[in-house]
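Taking it in order: structure first as structure tokens, then the write-up.
Every number here is computed from the coordinates shown, using simple stated rules; none is lab data. Because the structure is a prediction, the values reported are computed rather than measured. Positions of Cβ are generated from backbone atoms using ideal geometry, with glycine treated the same way; all protein chains shown enter the neighbour counts.
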Amino acid sequence: MITPYGWYNIAESPTIANFPLLFSDNCKQIIQFGSSDDPFLPWSEQKTVAEETKAVFHASDSHGHYMNSTFPELLKAVKGLLN
């Protein structure tokens, strides 16, 4: 995961208790997309980040690492925030 503070691996961090503060203090709402078939991010880590940051979590079983040229789900989620 990339944060404003650089790369962050929540599973290996001794400061997991402080992780939500990086985002929660600076964001009104957090949206996270995660896929259980992501070849780079363990599913358990994705779920932990979502829970710890209280993100609106959009889970999938078939999007891998979301490296497609289109991402209509993201556009729909952002538009939903603007309404």
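Worth pointing out:
- Any pair with Cβ under 6 angstrom, 6 or more apart, that starts in the range 54-68 at a residue that is surrounded by fewer than 13 Cβ atoms within 10 Å (Cβ to Cβ) and ends at one that is not small (Gly, Ala, Ser): 65/38; 65/40
- Among residues of the range 37-58, those that are under 25 Å from residue 81 (Cα atoms) and hydroxyl-bearing (Ser, Thr, Tyr), counted: 2
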